[in-house]
Each structure stands twice: as C-alpha cells, then as structure tokens.
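Accompanying notes for the structure given below.
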Number of protein chains: 2
Amino acid sequence: MKQFTRFPTISAQSKHTRDLKNCADWLAKHLHRIGLEQVKVIPGKHHPIVFAESRREPDGPTLLIYGHYDVQPVDPLQEWRSAPFEPTIRGSDLYARGACDDKGQMFTHVKALESYLRGNGTLPLNVKCLFEGEEEIGSPSLTGFIAHNKGALAADVALMSDTQMLGPNRPAISCSERGALGLELEVSGPAHDLHSGNFGGAVHNPLQALGEITARLHDCSGRIAIPGFYDRVRRLDEKQRDRMAETAPSDAHILREAKTKTGWGERGFTLYERTTIRPALTVNGLTGGYQGPGGKGIIPARAVAKLSFRLVPDQDPRQIDQLFREHIARITPPTVRAKVRTLSAAKPAVVNTHHPAMRAAALAYRKGFGAAPVFLRSGGTIPAVSTFQEVLGIPTVLMGFALRDDRIHAPNEKFHLPNFYNGIATSIFFMAAMSRGRTSKAVFERGIGVAELS
Amino acid sequence: MKQFTRFPTISAQSKHTRDLKNCADWLAKHLHRIGLEQVKVIPGKHHPIVFAESRREPDGPTLLIYGHYDVQPVDPLQEWRSAPFEPTIRGSDLYARGACDDKGQMFTHVKALESYLRGNGTLPLNVKCLFEGEEEIGSPSLTGFIAHNKGALAADVALMSDTQMLGPNRPAISCSERGALGLELEVSGPAHDLHSGNFGGAVHNPLQALGEITARLHDCSGRIAIPGFYDRVRRLDEKQRDRMAETAPSDAHILREAKTKTGWGERGFTLYERTTIRPALTVNGLTGGYQGPGGKGIIPARAVAKLSFRLVPDQDPRQIDQLFREHIARITPPTVRAKVRTLSAAKPAVVNTHHPAMRAAALAYRKGFGAAPVFLRSGGTIPAVSTFQEVLGIPTVLMGFALRDDRIHAPNEKFHLPNFYNGIATSIFFMAAMSRGRTSKAVFERGIGVAELS
C-alpha cells in the first residue's frame with residue numbers, strides 16, 4: 001500500500017502522465033503476482049486502464065471490481081504535515097494523497113483477492129477488475145471503453161469502495177451518488193494588463209466582472225439562480241425524507257466535520273439533504289491578476305474560475321451545461337467577454353437497495369465491522385456507477401470504508417488503518433456471501449495476514 | 001541604461017532584496033563616477049535610498065531630483081516577447097521591466113547631469129538626487145526619511161519623470177496625481193479545503209463569498225458603493241472641466257490605448273475624468289482554490305483579493321481605509337470571516353501650474369521636444385509628490401517622458417528611445433532655465449553624446 005501511494009498519480013496534471021503509466025504497470029504486475037489472469041494495461045484518452053480477471057467458476061456469479069489509482073492535485077502543498085507522496089503513519093492513520101481516495105479503498109479488494117488466492121488457491125466466484133486512472137478528471141475514457149467491451153466486462157454486479165462510513169464503527173453502503181459537471185469560466189477584458197492608475201475607473205476589470213458573475217449564480221436564499229436549473233430535480237416526499245433522516249448525519253455533525261460553525265445553502269433542507277438529494281454549484285478555484293506578496297497596480301487582462309455542479313436525479317449534465325452557458329451569456333456585462341469550457345460530466349446514479357448483492361454486502365459488513373451498515377446517500381460523484389447501470393445493466397455495491405474526516409481531496413488526506421483491515425475482511429465475506437457461502441475460516445485468517453502495509 | 005534595467009529590482013518580492021541592494025550600489029557608483037558628491041546608500045525599511053548631490057552654486061537655486069529604481073513584478077511571464085530583465089531593442093523602443101517606469105525616465109536626468117559635468121565641468125545649479133527602491137510598494141520609508149533629513153534635502157523645487165506625454169510629439173507636465181491605498185482582503189471559511197461532493201451546497205464557499213463581496217464594492221452605475229466614500233471628493237466646476245477637456249485625451253483615444261472596445265465606470269464623467277479627477281477601486285488580483293489544469297472538487301478554505309483605491313483631493317487614505325473596513329464588516333456574510341490588511345497608502349497631490357519652475361519646464365520642453373507641453377492630470381500615484389509638498393514645502397515638476405502605450409506595470413514594458421534622448425535634452429534645458437540661462441551649446445551637444453545605451 002505504501003508503495004502504491006508513492007506514485008504521484010495526479011491525473012489532472014499532464015506532467016504526471018509518466019507517473020500514472022508507471023503506477024498502472026506496477027499495479028498490473030501486482031495483480032499478476034497475486035494470481036489474477038489476463039492482466040492488461042490499456043491506454044485511455046489520458047491515462048491507462050488496468051484490467052485483470054479470474055474466471056474459474058463457470059457456474060458462479062461474476063463480480064466487477066472497480067477502483068481508480070489516480071488522485072487529486074496536492075496543493076496547497078505547504079499545508080501537508082508530511083509529503084503527500086511519502087506515506088506516513090501517525091497514530092492509527094496512514095497519511096498520503098490517495099491513501100483513502102481511492103488507492104487505499106480499492107486495495108482492500110485487491111488484498112481480499114490475494115487472501116482468497118493464497119488461502120484457498122482459487123476464488124469463490126468469477127472476478128473482473130477494472131481500475132482506471134482518470135476518475136478525478138471525470139472518467140473521460142471509461143464509458144467508451146465499457147461500451148466497446150461489453151462482453152469482456154459482463155458481470156452480475158459491480159463492487160467499489162470510494163465512499164464513506166458514518167463513523168469508525170458505523171458502516172454505510174452508499175445508495176446514491178450525485179452527478180457532476182466541471183466547467184471553466186474565463187472572463188477577459190483589455191488585451192493586456194493595464195496600469196490601474198492610468199485606466200482604473202475607466203475600464204471594466206475582468207476580476208471584478210468575474211466576481212459579479214459568480215455572485216449572480218446563487219440567489220440570496222442559497223438557490224442556484226440559473227433559470228430552469230431545478231426543473232428536473234426529483235422531489236422526495238415527506239415519508240422518504242423522514243426515512244433518510246433516520247440514518248442521516250445531523251447538521252451539527254456535518255459542521256463539525258467541515259470544521260466550520262455555520263451552515264449555508266438552500267433553505268428548507270437539512271445540510272445532509274443539501275449535499276445529497278439537492279444539487280450544488282461550487283467555485284473550486286479562481287485566479288487572475290497579481291497574486292504575489294505585496295501589491296501590483298494593474299487591471300488584469302483576464303480572470304478564470306473553475307466551477308463544478310453536483311447534480312441529482314433526473315438532471316442531465318448536458319442540459320445543465322447548456323443552461324449554464326445561456327445564463328452566463330445573459331449575465332455577462334457587455335464590457336467584458338466570457339468563455340465557458342466543459343471539463344467533465346457525469347450523470348447522477350441511484351442504486352436499488354433491495355438487490356440481493358446489497359443484502360450480501362450488509363451481511364459482510366456485519367462480519368467485517370461487527371455492525372450492520374446503513375444505506376446512505378453520497379454527495380460525491382463516481383461516473384462509473386451510472387455507466388455500469390446504463391451500459392452493462394448492473395447495479396453497483398458502493399461499500400465505503402472512508403471516514404468523513406479523512407480529508408479526501410484536501411491536504412493531509414489519510415486512511416484509517418482499522419478500516420483498511422476490516423475492509424479486507426468485509427470484502428472477503430462479501431465474495432463468500434455472493435458465492436453462497438463458499439468461504440473458509442482459513443481465507444479470512446490468512447487474509448488479514450497478507451495485508452501488511454508494504 | 002541596459003545595465004541598469006538588468007537588475008531584477010522587484011521591490012514587492014523579498015527574494016529580490018539582494019538585487020535591489022546590488023542595483024542601489026551600482027547606481028551609487030555610477031553617480032559618483034559622473035562627478036556627484038556625498039554619494040550614499042541609505043538603508044530603508046525594505047530597500048535602500050540612494051542619495052547624491054552637487055552644491056557648488058551657493059547663490060543658485062537647488063533642485064531635488066527624485067526617481068525610483070525599483071520595478072513592478074513581471075508576471076504573467078509567458079506574455080513577454082523578450083525576457084523582462086534582458087533589455088532588448090525592437091524598432092525605436094527599448095523593452096525591459098523598468099525601461100520606462102522608472103529607470104529609463106529617471107536616467108534622463110542622470111544623463112543630463114553627466115552631460116553638464118562632462119561638457120561644462122560643473123552644474124549650473126545645486127542638485128540633490130534622491131532615488132528610492134520602494135516606490136512600487138508605496139514608499140513606506142520615504143516620508144520618514146524626508147522628515148528626518150529636512151535640512152539635507154532642502155531645495156527650491158523637486159523634479160521627477162514618472163508620468164506620461166500625450167503622444168510622441170505631444171509633451172505633457174502632470175499637474176495632479178491620484179493618491180493610492182493598497183489593501184488585501186482575505187475571506188476564510190472551513191479550516192481546510194473540503195470535498196465539494198461531500199459538502200457542496202451545505203458550506204459557504206469563501207471564493208463565492210469573496211465574489212459576492214467584491215460585487216458589492218461598486219453599484220450598478222459604476223460608483224464605489226462604500227458609504228461616505230465620495231464625501232471629500234473635490235468637485236470641479238463646469239469651467240474647470242471644460243478647460244481640462246481642451247487637452248484631455250478623448251474616450252476613443254483612451255480605449256484604443258487600453259486595447260478594449262467599451263468604457264466603464266462612473267456615469268456623468270469622461271473616461272479621462274474617471275481616471276484623473278474621480279477615484280477608482282480596482283481588484284488587482286484574486287486567488288483561491290485550485291488553479292492548475294483541469295478541475296479539482298474542492299471548497300477552498302480561503303480566498304484572497306488584492307485591491308487598490310486611487311484617491312483624489314481631498315480624500316485621505318487613512319479615512320478611506322477605515323470606511324473600507326467598516327463596509328467589509330457590514331457586507332461580509334456571517335458564514336465566512338473577512339480580514340483586511342493595509343499594504344500601502346499615499347495621499348493625492350496637486351501642483352500649482354503657475355510656479356516659475358513650471359514655466360521653466362515648459363520652455364525646456366519646447367527646446368527638447370520642439371513642442372509646448374500641456375498640463376495633464378495623471379491617474380497614477382507617486383507618493384513622493386505629496387510628501388515633498390507637505391514635508392519640504394516645495395512643488396514638484398512632473399516632467400513625463402512615457403508614452404501611454406509603454407505598457408508600464410504590464411508585460412512588454414518599453415521606453416520610446418527618441419523620448420529618452422529628447423528627455424535628456426529637456427532636462428539639460430530645464431536646469432539651464434532654472435539657473436537663469438547659464439547653459440551652453442557644448443553641454444547640449446555632448447549631452448546627447450554621452451547618453452549611449454550601455
């Protein structure tokens with residue numbers, strides 16, 4: 001695991017292309033070594049997909065295990081207590097970029113497979129592994145790859161771990177993911193930076209204009225102010241919301257995790273609802289003009305914002321993209337020019353909680369963590385979930401092992417090591433349950449044995 | 001001149017502290033070599049002041065020549081056609097950061113002094129040179145230094161060149177400078193960056209909040225929306241505005257220079273008025289969250305804007321600072337925290353156009369450029385002007401040699417070389433006129449000779 005997290009696999013930054021390739025090669029070698037077959041590293045639009053399988057149970061079910069070995073950028077670097085690609089154990093946690101999202105979590109299943117193969121010589125069901133390197137940039141190759149390899153990827157159910165538990169001993173299975181739409185908005189004015197003494201007051205400042213534009217994306221009640229934006233948002237009835245509330249983290253709990261005192265957002269919904277069954281729009285980054293120490297007397301020529309929507313059923317990212325562009329065209333002052341670029345798009349997904357695989361997962365959690373899982377909605381986005389549903393026609397079991405304070409996407413990302421070990425056990429029990437109980441005590445005991453952190 | 005512009009004297013960036021010291025030492029040595037006396041390099045708060053003098057005319061007037069050898073930052077670096085500190089001649093222009101602001105312009109006077117001393121053996125009047133290295137960061141040491149050295153700096157009139165002409169053959173003397181107030185505004189929310197999937201919609205985004213705050217600094221008519229901000233702005237009557245309009249660049253002219261199609265700003269004023277007799281507020285830079293390629297799904301923990309006011313008589317930067325802080329406290333949403341830091345402050349200044357030194361300057365321009373100058377208001381800020389007026393009780397002749405398209409503060413800053421040579425001639429004639437005509441043809445002819453670009 002430590003070696004796996006040492007590769008700086010930041011998929012958004014092309015300077016790391018070689019690192020992603022090296023990591024994919026390393027992963028493929030690892031999968032081969034533990035006994036999987038047909039191991040392949042397949043080029044993607046930007047970074048490769050790693051495939052491996054074991055099909056020794058012609059009558060057994062087939063499990064498609066998905067994960068991603070790419071990670072988020074690491075800045076602001078100065079806020080990391082230890083280097084992001086130098087995995088470091090402090091207390092019961094392993095700190096590294098990707099330790100949790102998603103190298104650590106996907107590795108629970110790799111180690112479960114290794115345990116089975118070492119302890120049992122064979123797996124209790126057929127397995128196909130699909131590990132991609134483009135998840136953090138919106139999985140641009142994945143849908144095409146799956147559509148072109150339907151036969152090879154055919155399975156009964158997909159399994160992935162890229163979501164959260166409620167707490168260290170409170171396991172959860174995610175039953176919905178928000179969709180996402182990543183955009184870049186560039187506002188430009190004068191052809192080059194101008195002296196703010198000579199021109200200040202007479203030329204519209206692109207940074208100020210971008211501030212004005214972003215301020216007009218929400219209304220004062222916290223709703224997204226794009227006409228038509230909420231038209232296709234599915235509304236839950238009171239009964240559904242009450243049921244959600246039974247297992248939902250409280251507002252206070254969410255604020256504590258966010259390390260902030262005050263909530264914000266759409267009136268009439270709890271914070272949990274705002275982050276799961278309601279869509280959101282976030283300015284992820286903004287840059288323009290002088291950013292060094294002290295000041296600089298300029299009107300910058302341009303300013304750029306990175307924005308992302310989180311979408312819920314039945315919103316369609318393509319339609320929202322169009323509505324956003326129309327809104328920007330409408331609210332951009334005539335004194336500047338605005339340009340929108342689409343960076344990524346993924347549909348929202350909902351999983352049927354009554355599927356037999358969900359019951360198997362619940363059983364496995366009880367054995368692995370000693371507690372029954374709750375079904376939770378997730379605010380995040382895993383493009384693969386909707387793709388598996390739409391292209392392969394299979395549900396995905398979202399078996400989360402992350403804690404809400406694991407700081408995924410942020411500095412000092414970590415993975416809680418007890419969750420790593422309990423996750424491996426849960427994965428083993430899940431495969432056993434899926435294969436109707438063909439596991440053995442030996443597998444489980446050895447399984448924990450092979451999961452050293454090397 | 002080329003050697004002078006090679007020093008990367010960016011005063012705002014502490015990594016260049018050594019470069020500023022080296023440049024000051026080089027400048028001191030140069031002043032000594034051309035024959036000035038009492039040459040000193042005096043430490044400032046950040047960067048040294050260079051002083052030199054010649055007091056061989058006990059009955060003659062004393063001229064205080066001011067300039068600054070520090071420069072603005074150079075980013076965005078990729079937009080420079082040649083490296084900012086590798087002076088390069090293309091056509092009739094010398095390209096380098098500082099070529100115009102202010103190394104090139106201050107050097108016209110150094111070369112005029114050199115011409116006099118070489119051609120004549122002595123100067124026609126007493127001269128004190130005061131060259132600072134902190135102008136671009138608001139001259140934090142200057143007022144104190146002048147106040148503590150009133151006797152040593154006593155003079156009849158100050159001379160500086162750090163302003164603009166109307167065009168290559170249309171010289172101008174600046175008769176007013178706007179004041180300035182540089183500020184940094186930091187908005188912070190959660191203790192660290194948050195995953196925008198898990199928290200998007202439930203936590204106020206500091207970048208969005210900063211956009212909302214900056215959008216509320218102007219009203220929709222282009223006026224600054226801070227209560228009390230305009231209270232002390234001096235209003236010109238119609239006759240004064242008509243007189244201004246006679247020599248003012250037109251709106252079309254200003255837009256052409258700004259390379260933009262549409263003006264912006266306070267209704268009821270021409271673009272020239274908006275940049276000279278009206279105050280302005282500019283967002284000079286803004287940064288927060290992810291700024292690399294692609295996207296990153298975060299709610300950033302904080303966002304920072306750099307802002308600067310340009311102030312006009314009788315606005316007081318200290319009072320405006322206070323009004324700004326009160327306004328920010330008022331408009332900051334309770335869901336985030338805002339912090340204001342003052343970076344620099346300088347008062348606006350107006351120069352009496354009827355002073356005899358102004359007449360001498362007009363005469364010198366006619367000889368140096370072959371055209372009479374107009375009196376122009378400048379939108380920029382030179383803290384020294386108000387300090388000379390208030391502390392030494394002397395007016396400043398603002399003899400501009402810059403062209404409006406010299407891109408000061410921006411990439412590809414340049415100095416128009418004919419203005420360099422005509423500027424030297426103008427400076428020579430000005431000194432001669434100030435000393436009641438004791439110049440000689442020989443000085444002028446040799447003067448042009450010594451001004452090679454080495």
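Data for the structure
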quantity	calculated
Given charges at beta-carbon only (K, R positive; D, E negative), |dipole| of the range A:112-215 in Debye	500
Entries in A:K150/A:K306; B:K111/B:K259; A:K45/A:K150; B:K259/B:K347 that, when Cα-Cα distance is taken, lie over 27 Å	A:K150/A:K306; B:K111/B:K259; B:K259/B:K347
Cα-based reach from A:K239 at 19 Å (exclusive), listing aspartates and glutamates while leaving out same-chain residues under 8 positions away	A:E273
Principal-axis tilt of helix B:103-120 within chain B, Cα atoms, nearest 10 degrees	10
Order of A:L181, B:L417, A:L125 - criterion: other Cβ atoms within 10 Å of each residue's Cβ, fewest first	B:L417, A:L125, A:L181
Ranked A:F369, A:F107, criterion: other C-beta atoms within 10 Å, fewest first	A:F369, A:F107
Fully extended contour minus Cα-Cα distance, from A:K339 to A:R256, at 0.36 nm per residue	26.1 nm
Amide hydrogen neighbours beyond the local backbone of A:Y290, cut-off 5 Å, H modeled	B:G285, B:L286
0 to 90° range, to nearest 10: angle between helix A:356-369 axis and chain A longest Cα axis	80
For chain A: relative contact order, % (alpha-carbon pairs under 8 angstrom, 6 or more apart)	26
Dimensionless Rg ratio for chain B, taking C-alpha atoms and the 2.2 N^0.38 Å reference	1.03
Relative contact order (percent, whole number), the range A:228-289, Cα cutoff 8 Å, 6+ residue spacing	27
5 angstrom amide H check on B:V397, placed H, neighbours 5+ away	B:A158, B:L159, B:M160
Histogram of C-alpha separations across the protein assembly as shown, 20 Å bin width, %	14, 38, 25, 17, 6, 0
C-alpha long axis of helix B:206-215 to longest principal axis of chain B, angle in °	60
Other-copy label distances relative to A:G144, 7 angstrom Cα-Cβ extension, nm	6.3
Rg to Rh quotient for the range A:275-399, alpha carbon positions, Kirkwood Rh	1.15
Rounded to the nearest 20 debye, dipole of chain B from Cβ charges on Lys, Arg, Asp, Glu	320
Phi to ³J(HN,Hα) by Karplus 6.51 cos²θ - 1.76 cosθ + 1.60 over the range A:422-428, Hz, x for Gly, Pro	5, x, 4, 4, 4, 4, 4
Residues whose placed amide H lies under 5 Å from that of B:V374, excluding near-sequence neighbours	B:A172, B:I173
Fewest-first ranking of A:R55, A:R18, using other Cβ atoms within 10 Å as the exposure measure	A:R18, A:R55
Contour minus Cα-Cα distance for B:L236 and B:A191 (0.36 nm per residue)	11.3 nm
Karplus (6.51, -1.76, 1.60) ³J(HN,Hα), θ = phi - 60°, over the range B:167-178, in Hz, Gly and Pro reported as x	x, x, 10, 10, x, 8, 10, 7, 10, 7, 10, 7
The range A:319-358 residues near the modelled A:K45 label - backbone nitrogen below 12 Å, point 7 Å along Cα→Cβ	A:342-346
Charge dipole (the range A:75-196, unit charges on Cβ, about Cα centre) - positive-most of A:C175, A:L185, A:G133	A:C175
Dipole magnitude (debye, nearest 20) for the range B:4-110, charges at Cβ of Lys, Arg, Asp, Glu	340
Dmax and Rg, reported as Rg then Dmax, of the range A:264-319 (C-alpha, Å)	17.1, 48
Given charges at Cβ of Lys, Arg, Asp, Glu: the protein assembly as shown dipole, positive-most of B:Q3, A:A152, A:G289	B:Q3
Fully extended contour minus Cα-Cα distance, from B:Q3 to B:R56, at 0.36 nm per residue	16.1 nm
Candidate aspartates and glutamates for bridging to A:K367, where Cα separation is under 14 Å - those fewer than 8 sequence places away on the same chain excluded	A:E445
In Hz, Karplus ³J(HN,Hα) per residue of the range A:17-31 (6.51, -1.76, 1.60; θ = phi - 60°; x = Gly, Pro)	3, 5, 5, 5, 4, 4, 5, 4, 4, 4, 5, 4, 4, 5, 5
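Where a number appears in this text, it was derived from the coordinates with a stated rule and is not lab data. What you see is a predicted model; the values in this text were computed from it and never measured. Glycine gets a Cβ as well: all are built from the backbone with ideal geometry, and neighbour counts include every protein chain shown.
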